[in-house]
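The values are calculated or read from the model by the stated rules, or taken from the named source; none is laboratory data. These figures come from a predicted structure and were not determined experimentally. Note that we place each Cβ from the backbone using ideal geometry, even for glycine, and neighbour counts take in every protein chain shown.
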Amino acid sequence: MIYTYYPGCTLKTKAKDLDLYARKSATALGVTLEEPEDWQCCGAVYPLARDEIATRLSAVRTLVSARDNKRAVVTVCSACHHVLVRVNDDMKNDADMRGKVNRYLELENEYGGETEVIHYLTMLRDKIGFDEIKKKVVKPLEGKKIAAYYGCMLLRPSKIMAFDDAENPTIIEDFIKALGAEPVIYPFRNECCGGYVTMSDKSLAKKAAGKVMASAKDNGAELIITACPLCMYNLDANGGADKLPVRYFTELLAEALDVK
Amino acid sequence: MVHKSLEQACLIMDRSGVDTRKCMMCGKCSATCPAFDEMDYHPHQFVKMVTEGDIESLLSSKSLWKCLSCFACVERCPRGVEPANVVEALRVTLLRRQGENYITADDIPGLLDDKLPQQAIVSAFRKYKK
Amino acid sequence: MQKIGVFVCWCGSNIAATVDVAEVVQAVKTQPGVAFATDYQYMCSEAGQSIIKNAIKEHDLTGIVVCSCSPRMHEATFRKTAQAAGLNPYMVEIANIREHCSWIHKDKNEATQKAIILANAAVAKVNLNAPLVQGESSVTKRALVIGGGIAGIQTALDIAEAGYEVDIVEKEPTIGGKMAQLDKTFPTLDCSACILTPKMVDVAANENITLYTYSEVEQVKGFVGNFSVTIKKKARYVKEDLCTGCGECMSKCPSKKGKDEFNCGLNNRTAINIPFAQAIPNVAYIDAEQCIKFKTGKCGLCEKTCSANAIDYNQKDEIIEREYGAIVMATGYEPIKLDKFDEYQYSKHPDVITSLELERIMNAAGPTGGTLLKMSDKEHPHSVTFIQCVGSRDISGRGKPYCSKICCMYTAKHAMLIRDKYPDVEVNVFYIDVRTPGKNFDEFYRRAVEEYGVNYIKGQVGKVYEKDGHLVVQAVDLIANKQLVLDTDMVVLATAIEPSKTARDLASMLTASIDTNDFITEAHPKLRPVESPTAGIFLSGVCQGPKDIPETVSQAGAAAAKVIGLLAKDKLLTNPCVAHSDELLCNGCSQCEKVCPYGAISYIDKEVNDHGVRETRRVAQVNEALCQGCGACTVTCPSGAMDLKGFTNRQIMAEVDAICK
Amino acid sequence: MQVNSEFKPKIVAFCCNWCSYAGADLAGSSRLSYPADVKIIKVPCSCRVNPLFVLRAFEKGADGVIICGCHPGDCHYSTGNYYARRRMTLLFSMLDYLGIEKGRTRVEWVSAAEGVKFSTVMNNFVSKIYQLGENVKLGDLRCRK
């Protein structure tokens, strides 16, 4: 299995762990992740306004290069994943946007959203299979009570993201089970942590992150895992005094596969 | 209904891709919103006020910058109205005016800490200034 | 050469405001064959019809065109008018200049020009019309009602009361439908069973009614007055004529883990089962998928227990063929599935229930014996939260775009009953709008608020979750403009209703139209609300649109009246616009026979005289009683022998020519 | 929509009696407008539309022909719309070959309850015809020997 691997800027700077363990685990699982040489930042935030064209272009370039290599794009960062999926959806379903972007980029072959964009977790679930991963686990994380934090960007809007059930997702819990640990289900796992305003509005970010943290704790979690560097930062920085440890899901995967 | 600026309302509808008139005032968005308590105008009011053309009040509101873009309102709205998109269209409308940047490049160094992920900084440039 | 009269209707201002009727009159006068043209304010009025009749007589007209509303409105009216004046009713054509013209165009000149073209097309067509004579067909004096809920029961009783035989086909093992599951009914709070079960008993006792329960309609053939229906009576594995309904078998059955459908799956039932005490017929059935005997071959306890020797493990599905003159759809509804509304945690938490489940919980024969208990721990709740419009008025794709109509009232009923029986329970109702148009309905809702202290909160619930053993509701109060976070013990979802899943397949068997929401379309939304556009098919109850019990019962009676009106006739006039084969052109290829959905075409060997050559040829012949006039054969015919009366090739070509001129 | 004030297209809409004609009536009673260029011919079923009628329309100068029937599975005569669909697929391909672009011909399913859809379909179809502009006329060469 070979995929185009889109790391995104954060995985090259503050979230090197997320990146490193994703690669190591992939190797252990027999997946080749090929990082394009010339990738650009996806823009970090999906431009919701319909008349924002330029801010969509860098994501389109990534999608086009994956199409030209005839491969699906795998991302780990929730934010990059969100941007790529939604821009891809625009290119597929919004004729006006597709026309404008194509005219601007003057591509040899018009791009119409052909690339498959999947998250690393989706790859684990749909392409490899959690049963298969379970077999490859060397050091099961037995007895650990782990809370999955989904946040917003993986799940919503579910019609476009098509990642999992937006209200009762199961993918990370299934992942946790595959690693031999015990998933903790808590109501705020799909509520916003406030990461969006982590720079501009500390008090709101603290309030939102605190709620998530408290909900996970109340339900008996010892540890929170996430796929998003921003959630990771925000839960850690603004999660309150007696916060739980927060780690990337790839780190646990590497640990269980014993490639850490 | 006060038609302060229907032209402005149409602009916001075009920009957000949302027909706010589909709203039936059920309040699902406000019931869902994690930032509700921080807002002076609440999500359902955003939708209503855009329909009525009362754009300027929204542009000068505190709420404009409280929305977390978590899409919970988008996910649960029974009418396919996307309040988060409306908020974003309003933000963009304001930012495109001269001198209306919410955060300037000079502000950013003061907001950094050494763990802050790159994406937060990149998106700050996208979200708060033009 | 025809002598054609053209009559342009103003329809008050409906047409005249947008179409210059005088100009239309002037324009059509130049058309070939037109001998007379005039306009009048209301052509369908008695005075208008007199104008037509007089003109026919005075000008010796051989055909007429009425430029007016849709032929679906008044074609029949004007045909009668023509007939009264001695003209063949099929020498009438309608140019639809209202629905297809004046109502949709604003520019008067544009609308007038279009009206002229439509009138010209109709004139061109009527020039080629030929007088047609309606045939006759017989009427089987027996009706079929599909569905045995309150709608089907009432329709069947009314038809039987008039002296006609009527059969009810019900897919469940008992009749009674949704109404049997209800505890009390609004706005009078009668006990539902108390008013329904006597009617069920009447059905069983009425000798004009035959009940086919645990049965389904498999196939429908034929047409109004002459339907031929195949009914599959599923094996109950219990002989209906022997079972006494004593229930001994149920007490002995060791397989007790089936979901009790009658109690919405809130408790379990045995594999051999009678759905509820007042079931009609009061006969057990065996759920073969659950039964140990069927799964392993061992057990047979029910057989040993049954003193009436009614158990028959070898019973087979039975196929019944019957003829009917009329068919009534009364297939009812189901609450929608809530899997797309998991923000309320319905699928995860036993204390989040639907309103129908609450009916069962409140009912003395229900899973809790009529005591309001939380299903999670069987404890008394201290607060109950109702959420309205769950899946109704929803255009996001998760729910249904329409208002389910009954939820506002039953929620008020539930809230009132809880407060009445358990004054210590706090009751909150989240609503978008409270819709109570009905006799004594708003008064009922106000009583819930004013006398019973139910808390109505305008707003919706964003999320329901569990915390410290109770439920938390995150909601909004739109009037106070506040977000609320309320602790509650039970959440009740006023779930949208949708037509029965069987409706779509049945509709296509019956060739009845169905809308995008799977409600059966009525022939006219105001004037023919209980008839399908397909002759002989009638509608009763929620299969046509959401309605409550009083409305359902009135519609059921109306449908019965229509059926009785049909069955009372000895002969029906048939549509004369049927296919016709030109024997001289037919080459006997059988193409037409293959495409005919009614088996109306057969082949005979016939001696023909083709330009002096006498020979025997195999030619197509149309049975006019069977042909419904779709025209499939006319297009498929390679030699052009087949044509459709009233819609001949030449007529349609003439219309095309007039439009493209 | 680009409107050329000179160009007034001639558009023939064949509507089946049971679904689409009733859908057009509903569009009318709901006052849902569509351009006056559309003229409706009532047929009992979409399967009554002989390909010759479509050819005739193009021969007489029609700029577009649309055939509307009941949704698949909902045909009043059970299967008529399937015949229409198959016949028209073939015919439209041939017409395209003859120079009558695919955009000028269309089959649509509109039920009696879909007034909105009827109006949307017609608006959409007419705007397509305006884009394509005036049509070529088909000629019957047999008569020109």
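Observations
- For the stretch C:292-302, a residue qualifies if it is crowded, with 19+ Cβ neighbours inside 10 Å and either closer than 29 Å to C:Ile153 by Cβ or free of Cβ contacts under 8 Å to residues at least 40 places away in the same chain (or both), and exactly one does: C:Lys293.
- Number of the exception - C:Glu522 against (1) of a type in the set (Asp, Glu); (2) crowded, with 21+ Cβ neighbours inside 10 Å; (3) in contact with a helix residue (DSSP H, G or I) (Cβ under 7 Å, 6 or more places away or on another chain): (3)
- Contact map, the stretch C:465-487: first residue more than 14 Å from chain A (Cβ to nearest Cβ), second residue aromatic (Phe, Trp, Tyr), Cβ cut-off under 8 Å, separation 6 or more or different chains; pairs are C:Ala475/C:Phe430; C:Val476/B:Phe36.
- Hits in the stretch C:162-217 - residues which are among the charged types (D, E, K, R) and under 21 Å from C:Ser500 (Cβ atoms): C:Asp167, C:Glu170, C:Lys171, C:Glu172, C:Lys178, C:Lys199, C:Glu216
- Restricting the stretch B:20-54 to residues that are outside any helix (DSSP H, G or I) and modelled with pLDDT under 95, the residue that is nearest to the other protein chains (Cβ to nearest Cβ): B:Asp54
To keep it simple, each residue is scored yes or no on (1) outside the structural domain of C:Phe444 (by TED's automatic domain parsing); (2) buried (at least 24 other Cβ atoms within 10 Å of the Cβ); (3) over 24 Å from C:Ile320 (Cβ atoms); (4) over 21 Å from the mean Cα position of the chain (by Cα).
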residue: C:Asp158; (1), (2), (3), (4): yes, no, no, no
residue: C:Tyr164; (1), (2), (3), (4): yes, no, no, yes
residue: C:Ile168; (1), (2), (3), (4): yes, yes, no, no
residue: C:Thr174; (1), (2), (3), (4): yes, no, no, yes
residue: C:Asp183; (1), (2), (3), (4): yes, no, yes, yes
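- Subset of the stretch D:40-74 (residues that are over 27 Å from C:Cys67 (Cα atoms) and free of Cβ contacts under 8 Å to residues at least 40 places away in the same chain): D:Leu52, D:Pro72, D:Gly73
- Unique residue being in a strand (DSSP E or B) and either under 20 Å from C:Val28 (Cα atoms) or acidic (Asp, Glu) (or both) when the list is C:Glu58, C:Glu93: C:Glu93
- If the condition is being surrounded by fewer than 24 Cβ atoms within 10 Å (Cβ to Cβ) and more than 12 Å from chain B (Cβ to nearest Cβ), then the stretch A:216-238 contributes A:Lys217, A:Asp218, A:Asn219, A:Gly220, A:Glu222, A:Leu223.
- Restricting attention to the stretch B:68-117, the residues that are among the small types (Gly, Ala, Ser), surrounded by fewer than 16 Cβ atoms within 10 Å (Cβ to Cβ) and part of a helix (DSSP H, G or I) total 1.
- Sole exception among (1) more than 14 Å from chain C (Cβ to nearest Cβ); (2) within 23 Å of B:Glu38 (Cβ to Cβ) for A:Arg189, by number: (1)
- Search result, residues across the stretch D:1-23 that are more than 7 Å from every other protein chain (Cβ to nearest Cβ) and in a helix (DSSP H, G or I): D:Ser20, D:Tyr21, D:Gly23
- Scanning the stretch A:113-137 for residues that are assigned to a loop (DSSP other than H, G, I, E, B) and in contact with a helix residue (DSSP H, G or I) (Cβ under 6 Å, 6 or more places away or on another chain) yields A:Gly113, A:Glu114, A:Thr115, A:Val137.
- Residue in the stretch D:24-37 that is crowded, with 20+ Cβ neighbours inside 10 Å, at the interface with another protein chain (Cβ under 8 Å from one of its Cβ atoms) and among the basic types (Lys, Arg) present: no
- Tabulated pairs, the stretch C:565-581, first on the phi < 0 side of the Ramachandran plot, second assigned to a loop (DSSP other than H, G, I, E, B) and among the hydroxyl-bearing types (Ser, Thr, Tyr), C-beta under 7 angstrom, 6+ apart or interchain: C:Leu567/C:Tyr164
Let's see how each residue does on (1) over 20 Å from A:Cys80 (Cβ atoms); (2) part of a helix (DSSP H, G or I); (3) charged (D, E, K, R):
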{"position": "A:Phe163", "(1), (2), (3)": "no, no, no"}
{"position": "A:Ile172", "(1), (2), (3)": "no, yes, no"}
{"position": "A:Ala208", "(1), (2), (3)": "yes, yes, no"}
{"position": "A:Lys211", "(1), (2), (3)": "yes, yes, yes"}
{"position": "A:Leu235", "(1), (2), (3)": "no, yes, no"}
{"position": "A:Ala241", "(1), (2), (3)": "yes, no, no"}
{"position": "A:Thr250", "(1), (2), (3)": "no, yes, no"}
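- Any hit, the stretch A:204-219, residues being at pLDDT 95 or above and closer than 23 Å to A:Lys12 by Cβ: no
- Where strands (runs of 3 or more DSSP E) fall wholly inside the stretch C:468-552, the ranges with 3 or more residues that are farther than 27 Å from C:Glu334 by Cβ are C:470-477, C:482-488.
- Selected residue (only one of C:Ala156, C:Ala143, C:Ala130 is small (Gly, Ala, Ser) and part of a helix (DSSP H, G or I)): C:Ala156
- Checking C:Asp202, C:Asp190 one by one, the residue that is surrounded by fewer than 18 Cβ atoms within 10 Å (Cβ to Cβ), acidic (Asp, Glu), over 23 Å from the mean Cα position of the chain (by Cα) and modelled with pLDDT of 95 or more is C:Asp202 and no other.
- Where a residue in the stretch C:71-85 is within 12 Å of chain D (Cβ to nearest Cβ) and its partner, wherever it lies, is part of a helix (DSSP H, G or I) and not hydroxyl-bearing (Ser, Thr, Tyr), with Cβ under 9 Å and at least six apart: C:Pro71/C:Phe78; C:Arg72/C:Glu99; C:Arg72/D:Ala22; C:Arg72/D:Asp25; C:Met73/C:Arg98; C:Met73/C:Glu99; C:Met73/D:Asp25
- Verdict on C:Gly453 being out of contact with any His (no Cβ under 6 Å at 6 or more places or on another chain) and part of a loop (DSSP other than H, G, I, E, B): yes
- Within the stretch C:136-156, the set of residues being of a type outside the set (Gly, Ala, Ser) and surrounded by 24 or more Cβ atoms within 10 Å (Cβ to Cβ) comprises C:Leu144, C:Val145, C:Ile146, C:Ile150, C:Ile153, C:Gln154, C:Thr155.
- Within the stretch C:98-117, the set of residues being among the β-branched types (Val, Ile, Thr) and within 10 Å of another protein chain (Cβ to nearest Cβ) comprises C:Ile104, C:Thr112, C:Ile117.
- Restricting attention to the stretch A:68-89 and to residues that are surrounded by 24 or more Cβ atoms within 10 Å (Cβ to Cβ) and not hydrophobic (A, V, I, L, M, F, W, C), the residue that is nearest to A:Arg125 (Cα to Cα) turns out to be A:Thr75.
- One residue alone among C:Lys114, C:Lys125 is assigned to a helix (DSSP H, G or I), touching a residue at least 12 places away in the same chain (Cβ under 8 Å), among the basic types (Lys, Arg) and more than 30 Å from C:Leu573 (Cα to Cα), and that residue is C:Lys114.
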